[in-house]
Amino acid sequence: MSAGGAVSSAEIGRAALRLEDRPLLTGAGRYLDDFSQPGQLWARVVRSPVAHGRIHSVSVARAAALDGVETVLSAADIPPVRIPVRMLASEEAKPVTQSPLARDVVRYVGEPVAVVVASDPYLAEDAAGMVELSIEPLPAVLDGLAAASSGAPVLHEGALTGNVINRLQCRHGEDVDELLASAAVVVSDTMTVERQSATPIETRGLLASWDAEGGRLTMWGPTKVKHFNRAILAEFLNMEESAIRFLEPDVGGGFGARGEFYPEDFLVPWLAIKLGRPVKWVEDRHESLIAINHSRQVRCDYELGLSADGDLLAFRARCTVDQGAYARTHGTLLLPWILTRHIPGPYRWRGFEIEARSVLTNKTPSGTYRGPSQYESAFFRERMVQRGASALGVDPAELRERNLIRVASLPLKIELGEGHAPITYDGGDFAKVFSAVLEKADYPRLRDQAQAARRAGELVGVGLSVHVEEGAFGRYEYARIVPVEERHYVAYVGIASLGQGVRTALAQIAAEHLRVPYDWIEVVHNDTDLVPEGFGAYGSRTTVVGGGAVVGAAGDLREKALAAASERLEIDPRDLELIPGGIIRPRGQPSGGLALAELGCEGYCRYEQAVQMFDMGAMLALVRVDPETAGVAVQRLVVSQDVGRRVNPAMVDGQLVGGAVQGLGGTLLERFAYDESGQPLAASFMDYMLPTAAEAPPIDPVALELPHLDPETEHPLGVKGAGEGGIVGAGAAIANAVADALGAAGDRVMQVPLGPDQVRAALTGNSEQEASR
């Protein structure tokens with residue numbers, strides 16, 4: 001709606017055009033590489049060429065002698081800082097955190113060892129190639145199980161518990177051994193989800209400028225959790241946080257990996273201060289693929305018991321998370337912790353046991369990627385539920401529907417044992433979410449068609465999955481709304497933008513509560529001088545926690561404005577009303593009134609989100625397998641998600657569709673493989689394959705607006721997280737469809753990604769393939 005259009009207050013629930021898109025579509029967007037400062041220098045990081053080795057020397061003389069090279073530094077030249085853990089810090093993680101430059105030992109290919117600063121980027125790259133590293137190779141530990149064994153080389157001498165950094169164990173309900181012994185059917189297997197990452201189109205980069213006279217550091221580029229990063233950097237530099245300004249430019253994709261505190265987040269600003277000149281760093285694609293946080297790599301031994309009637313009785317899951325070489329800002333507890341909370345899923349269980357441990361290896365350190373440990377959990381559980389349905393000879397949809405938690409049981413608290421917070425399902429309707437997928441896909445007809453195709457010799461399959469998504473992480477969020485003029489309001493929010501439509505969604509929320517058009521609202525999130533606090537963008541929290549803060553700030557502004565208007569008009573506030581257009585007037589008066597901007601008020605809120613929220617999703621996949629090439633073509637996806645209330649239906653659908661495409665990539669294409677020495681085998685997009693429009697099938701999103709059922713956790717807007725729902729169930733649904741297509745051989749589909757080699761091995765029963773590293 002244009003500023004000159006009709007004034008309406010119905011903004012939430014409208015598929016409004018994204019406010020972010022005009023500059024992006026017209027080429028006026030400004031990404032990090034579009035920013036420069038007068039007299040800036042360029043940094044280039046020298047990275048380890050070996051996976052594990054002892055550093056004997058770092059010779060910088062030849063590189064430093066080049067004309068135009070400002071400095072070349074190694075670990076001995078920088079302060080001895082270590083990057084701390086941001087989420088779920090543990091004592092075991094502290095000794096295995098990372099230094100910005102490797103000291104004494106390198107532990108993965110791509111680890112920063114030195115940094116070159118020169119007058120232009122090409123010279124910096126040439127000079128980096130002239131830094132001479134003398135590294136004595138040490139045995140590389142590349143397999144999580146091998147790393148956890150008693151005879152494995154310990155990768156960090158100071159580690160408190162060897163290579164197994166954190167281990168979580170939880171249990172629920174009745175004795176699992178007894179339940180499995182009483183089961184009519186028990187299925188068990190070992191499953192793996194291989195190493196993947198977010199691989200955003202825009203690689204990471206930073207620009208730092210130091211004003212020595214004013215004692216101010218300005219940084220362009222930090223995103224996602226800029227206030228956390230600013231606090232850590234201030235501590236490292238012994239500065240006040242207020243002396244550091246972070247500016248967030250447009251961002252070419254995030255998905256969990258961008259914006260954490262990486263080694264370069266210290267090196268670039270420290271160099272700018274040391275050299276007294278702006279320093280810019282932008283990584284190339286090769287660097288990005290070997291240095292950005294990896295994720296996903298989990299092995300799970302899973303055992304499941306069912307009754308003869310098709311009741312899910314119990315399961316036991318033992319999971320090993322390949323953490324890589326260090327604990328980064330996500331720590332070593334977060335990924336196992338999420339596994340323990342998501343492997344049960346939306347089913348009724350009489351008992352279960354889960355063990356999840358984080359293990360160090362000589363690979364790029366792991367962090368989060370859209371739906372971290374949730375995608376993996378759904379794959380493990382739903383593959384085994386499918387196996388159970390096959391063993392019982394029942395339709396997998398009927399088995400799932402029979403065992404889903406019912407509305408009458410909600411809100412439901414599932415205890416996990418001593419030391420673990422319970423899982424609380426506080427709203428929605430799991431059966432309705434699942435049936436929505438079946439109805440949208442016309443499941444009975446689709447199933448019959450697939451069976452007829454298989455009888456005709458074609459390899460066609462239908463797969464299902466159900467899952468839970470936990471979102472709204474982070475303790476609080478901040479918002480301040482200032483009316484600047486009659487048709488211009490500024491909402492300052494602590495949330496970050498990674499391309500998900502933050503400005504549009506929050507503008508719609510503010511607009512509805514202030515009764516003005518959404519494009520009268522300017523959302524400012526990208527400057528820490530203007531937004532003093534915030535938790536950032538991750539874990540499906542933007543609309544839930546950020547939106548809650550905007551609702552509170554709008555309410556605060558409205559109440560203050562009513563009080564101010566009451567005083568100016570000498571009318572009781574109860575006799576005033578806020579009407580469309582942001583006008584306060586006496587009730588029943590057809591004209592006149594005061595615009596909010598005339599009253600000199602602003603609204604503020606620090607919204608507290610006490611607990612995370614669970615919501616439920618489901619997915620259906622239709623696939624065709626080529627019997628000659630063993631290639632898998634996904635022909636249709638249907639994804640359903642409980643989103644609470646849709647602020648912008650088009651953007652919600654976009655999140656579900658985009659997540660489903662990413663899930664397809666992770667299920668069929670994407671894998672970070674390593675050779676026996678720890679060398680990455682996917683260091684370009686020639687080898688790390690991403691899905692394109694050609695691989696994306698028709699995708700039907702179904703966003704359901706279902707209620708909270710617990711008044712204590714109900715959101716003021718009724719919204720729930722939707723950012724990860726499209727990806728969480730994709731691996732399970734597509735793998736189940738492939739298994740359905742392969743018939744009896746489908747029981748061997750126990751790994752993703754499912755490339756042709758894996759599908760052919762399942763078809764032929766060849767179990768002698770080398771285990772994935």
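The values are calculated or read from the model by the stated rules, or taken from the named source; none is laboratory data. All values derive from a computational prediction rather than experimental measurement. Neighbour counts are summed over all protein chains in view; Cβ atoms, including those assigned to glycine, are modelled from backbone coordinates with ideal geometry. Protein only, heavy atoms only, side chains kept; ligands, DNA and RNA dropped before computing areas. Shrake-Rupley method; radii C 1.70, N 1.55, O 1.52, S 1.80 Å.
For the reader, a short list of remarks on this structure follows.
- Database remark: amide H of residue 674 closer than 5 angstrom to the amide H of 681, 773 (H placed geometrically; neighbours at sequence offset of 5 or more, or on other chains; Pro and chain starts carry no H).
- Cα-centre dipole for the chain with unit charges at Cβ (Lys and Arg positive, Asp and Glu negative), debye to 20: 300 debye
- Note on residue 685/residue 407: beta-carbon distance plugged into 1/(1 + (r/R0)^6) with R0 of 60 Å gives a FRET efficiency of 0.85.
- Proportion of all alpha-carbon pairs of region 286-329 beyond 11 Å (%): 76 percent
- Unit charges at the beta carbon, dipole of region 11-157: most positive-side option, 152, 131, 109: 152
- Karplus 3J(HN,Hα) series, Hz, for region 614-631 with 6.51 cos²θ - 1.76 cosθ + 1.60 (x for Gly, Pro): 9, 9, 10, x, 8, 8, 10, 10, 10, 10, 10, 9, 7, x, 8, 8, 6, x
- Each eigenvalue of the Cα gyration tensor of region 480-532, multiplied by 5 and square-rooted, gives one semi-axis; in descending order these are 18, 13, 8 Å.
- In this structure, residue 234 and residue 91 have a Cβ-Cβ separation that, at R0 = 30 Å, corresponds to a calculated FRET efficiency of about 0.80.
- Whole-percent pair-distance distribution, where bins are 20 Å wide, for the alpha carbons of the chain: 16, 47, 31, 6, 0
- Over region 303-354, the alpha carbon radius of gyration divided by the compact-protein estimate 2.2 N^0.38 Å works out to 1.47.
- With the simple model of a label 7 Å out from the Cα in the direction of the Cβ, residue 760 to residue 628 spans 1.4 nm.
- Mean projected area (nm²) of the alpha-carbon convex hull when region 54-144 is viewed from all directions: 7.6 nm²
- Percentage of interatomic Cα-Cα distances in region 629-773 larger than 19 Å: 60 percent
- Taking every alpha-carbon pair in region 404-473 and binning the separations at 5 Å intervals from zero gives 3, 13, 17, 16, 14, 10, 9, 8, 7, 3, 1 percent.
- Rg/Rh for region 519-583 stands at 1.09; both radii use Cα atoms, and Rh follows the Kirkwood definition.
- Averaged over residues, the count of other Cβ atoms within 10 Å places the peptides 356-363, 93-100, 23-30 in the sequence 356-363, 93-100, 23-30, highest first.
- Volume in Å³ per residue [convex hull over Cα atoms, computed for region 316-472]: 155 Å³
- Lysines whose Cα lies under 18 Å from that of residue 720, excluding same-chain neighbours fewer than 8 positions away: 432
- Placing dummy labels 7 Å off each Cα toward the beta-carbon, the span from residue 675 to residue 59 is 2.5 nm.
- Euclidean distance between Cα centres, region 659-688 to region 343-412, Å: 24 Å
- Hz values of 3J(HN,Hα) by residue in region 320-327 - Karplus curve (6.51, -1.76, 1.60), Gly and Pro given as x: 10, 9, 7, 6, x, 7, 9, 8
- Our Cα-only numbers for region 433-551 put the radius of gyration and Dmax at 22.0, 70 Å.
- Rounded to whole Å, sorted largest first: equivalent-ellipsoid semi-axes of region 249-381, Cα gyration tensor: 40, 14, 11
- Viscosity 1.002 mPa s, temperature 20 °C, Stokes-Einstein D of region 481-640 from Kirkwood C-alpha radius, µm²/s: 118 µm²/s
- Kirkwood Rh, Cα atoms: Rg over Rh of region 133-194: 1.17
- Contour excess over end-to-end distance, with Cα ends at residue 212 and residue 33 and 0.36 nm allotted per residue: 62.0 nm
- Protection proxy ranking of 695-702, 189-196, 174-181, 497-504 - average other beta-carbon atoms within 10 Å, highest first: 497-504, 189-196, 695-702, 174-181
- Apportionment of accessible area to carbon and sulfur, region 156-221, percent (1.4 Å): 44 percent
- What the Cα convex hull of region 226-300 gives, in volume per residue, is 133 Å³.
- Mean Cβ neighbour count within 10 Å, used as a protection proxy, ranking 326-337, 252-263, 612-623 highest first: 612-623, 326-337, 252-263
- Global size of region 203-259: 11.8, 38 Å for Rg and Dmax (C-alpha atoms, Rg to one decimal, Dmax whole).
- On the beta carbon distance between residue 134 and residue 398, with R0 = 56 Å, the FRET formula returns roughly 0.30.
- Label-reachable residues, region 603-621, where backbone N falls under 16 Å from a point 7 Å from residue 421's Cα toward its Cβ: 608-615
- Rolling a 1.4 angstrom probe over the protein heavy atoms with all chains in place gives the chain an accessible area of 36 Å² per residue.
- Accessible surface of region 337-398, 1.4 Å probe, proportion on carbon and sulfur as whole %: 42 percent
- Dmax and Rg, reported as Rg then Dmax, of region 585-660 (C-alpha, Å): 24.4, 77
- Measuring between their Cα centroids, region 708-739 and region 20-48 lie 34 Å from each other.
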